[in-house]
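Derivation of every value follows stated rules applied to the coordinates shown; laboratory data play no part. Bear in mind that the values here come from a model prediction, so they are computed numbers and not experimental data. Here the Cβ is made from the backbone with ideal geometry for all residues, glycine too, and neighbour counts use every protein chain on show.
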């Protein structure tokens, strides 16, 4: 299977997050199709509206999170949901972009806590703009039905 650049970065972020979780004795997260779609929609939203937010140089936002949490509960039976967002400035071609983004989250107590909680599922959305900036949203959710968990490494 061939992945585009956005999917490739999402997979790399997933690998780095799970590597960190393993180092802490935590189980790996499963990629969840529904959370992927929700995260991708939010990363596209951040890309389309970059410059109009109040976080990280006006590139990122958690706007709409409550709606995402409600949708995850109603549609995917997620008991709880959390979210990390980040954007790159000029690192779009950086080979270690995924690691640098996850390292940025790890330096933030709230983002680190999101990555280290006892979640079972995650979804990652990546959106690149014309300047090569990457906008990333990662959702973390707890224990939906196994029927909704993707069996493969990634599903978009």
* Asked: Spin-label point model (7 Å from Cα, Cβ direction): what's the residue 8 to residue 112 distance in nm?
  -> 3.1 nm
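Which whole-number percent gives the relative contact order of the range 5-147, counting Cα pairs below 8 Å spaced six or more residues apart? It would help to have the intermediate numbers written out before the result.
Values: 244 pairs, mean separation 53.6, N = 143.
Dividing the mean separation by the residue count of the range 5-147 yields 37 percent.
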* Structure fact -> A correct fewest-to-most ranking of 116, 83 by other Cβ atoms within 10 Å would be 116, 83
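Do me a favour and compute the ellipsoid semi-axes for the range 5-147 from its Cα gyration tensor, root of five times each eigenvalue, largest one first, whole Å. Intermediate results must be reported in sequence, preceding the final value.
Numbers: eigenvalues 99, 64, 35 Å².
Those come to 22, 18, 13 Å.
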